[in-house]
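The values are calculated or read from the model by the stated rules, or taken from the named source; none is laboratory data. Quick caveat: nothing in here was measured; it's all calculated off a predicted structure. Here the Cβ is made from the backbone with ideal geometry for all residues, glycine too, and neighbour counts use every protein chain on show.
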Amino acid sequence: MHIIIIQIGVIVLALTFRGGIHIDDHKTTEHCVITDMPAPAVVYIPVSQHIGAPCIPTVHPGDTVFRGQKIGDAEGLTCAIHSSVSGRVRDIQPIIDAMGRKTNHIVIENDFKNTLDPSIIPFSKPLAEATPEEIMQVIKNAGISGMGGAAFPTHAKIASAMGKAKKLIVNCAECEPYITANHRLLLETPQFVIGGTLIIMKALSIEEGVLAVEANKANAIALLKETVKDKDMLCVKTLKTKYPQGDERQLIYAIDKIEIPQGKLPADVGRVVFNAETCSKTYRAFTTGLPVIDRIVTVDGDCVVKPQNLRVAIGTPFSDVINYCGGLKERPAKIISGGPMMGFAQWNPDTPVIKGTAAILVLSSDSVAKQVKNSVCIHCGNCVRVCPMHLMPNYYSMYTRKGLYERCLDFDLMSCMECGSCTYICPAGIPIIQHIRTSKAKIREKKNTKK
């Protein structure tokens, strides 16, 4: 499907997918230049910030650490963690993280000297001479994971796509409302994103890369096209502004009209997708040696005095970030880690920023959807119409309410990506996405009990 967009007399074909919804984007920070926020007095770095096994701390209370020093690692599917400040390890303690899990956090007191770990040096070879194994090792040592929110270890994603992926797609869609971190990244340091893309393409022996950007970022599209015009391996594609355009399955369909079969991965259809900031962090790791010790965070919402885009040290409490933005105008109804559609509401304002924290949203009651008690389905079919996975969310809600969780499996429950489009469009105000998450949790709980 193509949508025609006219921009100053130029006809542009915007690529898209079937389903999805149009949301007020609230991109109020799109003109806010990324500002470096000073690291706080204390950082709280969780040992698990990624899909896979938690890291095992390699430091102990009382140890002195450098900025960028590896402080946790493990074997298998995992992602190393590093200190975002120099200072002293005060404690290793269990704290509730942004996902609601009790996870060990390495608590480090900042000495404000910013002493860099001596082992941090640029990669010693030109990219042309680097082997795929060397590239993956640099990425693994830097603790790079999916920075768009999924947080899958990047080295493992590259390894799983080797020999299968023929095209790399850089996800620059940023389709969630409010979030503009990637938009600013593309405008301010496009060479980092493009450089990281070429590094990952080299590791995968891929000769075709696509930077996929939504049409509401016209300035970024123009800049990227100018930047890659001499690079035959890369091109820029314009996507229709629609949610959830940033999901990798929707991206692949929009660009190549390929549907990924149930239970398969993008690599199984010859594609691999990486987030723009993931590519940027890859480039930085190669050119400076710096691991993931910070990330760009959009801070927004009608309760925030001065919404902006910040580069924040990993482990910084949300409360410190909000205070840096001038504090709050009024008492918030909800604090969200991530976007309003797929993010997670926070009960603790001191939750620390992690690798997957793309945004901190602080919303008043006027900006939060009102809960409808005992709402009843009116059988309008809107949820089915907008589902980007072509599922039947109405049945998930019905069976969950009746406690018939496993009946949802008859309607392919586990293919649901939990984008929230069904809940957003429901005129009856039924919390369909919560019913879906409840059924999934109950099914997994029962499965684990049988083991």
**Request:** Give the range 347-381 a look and list any residue that's assigned to a loop (DSSP other than H, G, I, E, B) and buried (at least 23 other Cβ atoms within 10 Å of the Cβ), or say none.
**Result:** THR351, VAL353, ILE354, LYS355, THR357, ALA358
**Prompt:** Mind checking which residues of the range 272-292 are buried (at least 24 other Cβ atoms within 10 Å of the Cβ) and either closer than 20 Å to ALA39 by Cα or out of contact with any Cys (no Cβ under 9 Å at 6 or more places or on another chain) (or both)?
**Reply:** VAL272, VAL273, PHE274, GLU277, THR278, CYS279, SER280, LYS281, THR282, ALA285, PRO291, VAL292
**Message:** Is it the case, given these coordinates, that ILE432 is in contact with a helix residue (DSSP H, G or I) (Cβ under 9 Å, 6 or more places away or on another chain) and under 17 Å from LYS373 (Cα atoms)?
**Reply:** yes
**Complete:** When restricted to SER367, SER319, SER337, the only residue of a type in the set (Ser, Thr, Tyr) and free of Cβ contacts under 8 Å to residues at least 60 places away in the same chain is SER319
**Item:** Candidate set from the range 121-144 (those that are touching a helix residue (DSSP H, G or I) at 6+ places or on another chain (Cβ under 6 Å) and closer than 21 Å to ARG67 by Cβ); member that is surrounded by the most Cβ atoms within 10 Å (Cβ to Cβ)
**Value:** ILE144
**Residue that is farthest from the chain's Cα centre (by Cα), among those in the range 320-334 that are among the hydrophobic types (A, V, I, L, M, F, W, C) and outside any loop (DSSP other than H, G, I, E, B)** = LEU328
**Message:** Report every pair of residues separated by at least 6 positions or lying on different chains whose Cβ atoms are under 9 Å apart, first residue within the range 428-451 and closer than 15 Å to CYS408 by Cα and crowded, with 18+ Cβ neighbours inside 10 Å, second modelled with pLDDT of 90 or more and among the acidic types (Asp, Glu).
**Reply:** ILE433/GLU418; ILE436/GLU418; SER439/GLU406; LYS440/GLU418
**Which listed residue is surrounded by fewer than 20 Cβ atoms within 10 Å (Cβ to Cβ), of a type outside the set (Asp, Glu) and in the same structural domain as PHE152 (by TED's automatic domain parsing), from GLY196, GLY263, GLY209, GLY246** = GLY263
**Item:** Unmet requirement for THR227, which otherwise passes all of (1) touching a Ser or Thr at 6+ places or on another chain (Cβ under 7 Å); (2) surrounded by fewer than 22 Cβ atoms within 10 Å (Cβ to Cβ); (3) polar (S, T, N, Q)
**Value:** (1)
**Fill in**
Of the residues in the range 30-83, those that are modelled with pLDDT of 95 or more, hydroxyl-bearing (Ser, Thr, Tyr) and buried (at least 23 other Cβ atoms within 10 Å of the Cβ) number 2
**Asked** In the range 397-429, how many are under 26 Å from the mean Cα position of the chain (by Cα) and assigned to a helix (DSSP H, G or I)?
**Response** 8
**Request:** Return only the number of the condition from (1) in contact (Cβ under 8 Å) with a residue 24 or more places away in the chain; (2) crowded, with 16+ Cβ neighbours inside 10 Å that MET398 does not satisfy.
**Result:** (1)
**Request:** Of the numbered conditions (1) buried (at least 17 other Cβ atoms within 10 Å of the Cβ); (2) modelled with pLDDT of 95 or more; (3) in a loop (DSSP other than H, G, I, E, B), VAL170 fails exactly one; give the number of that condition.
**Result:** (3)
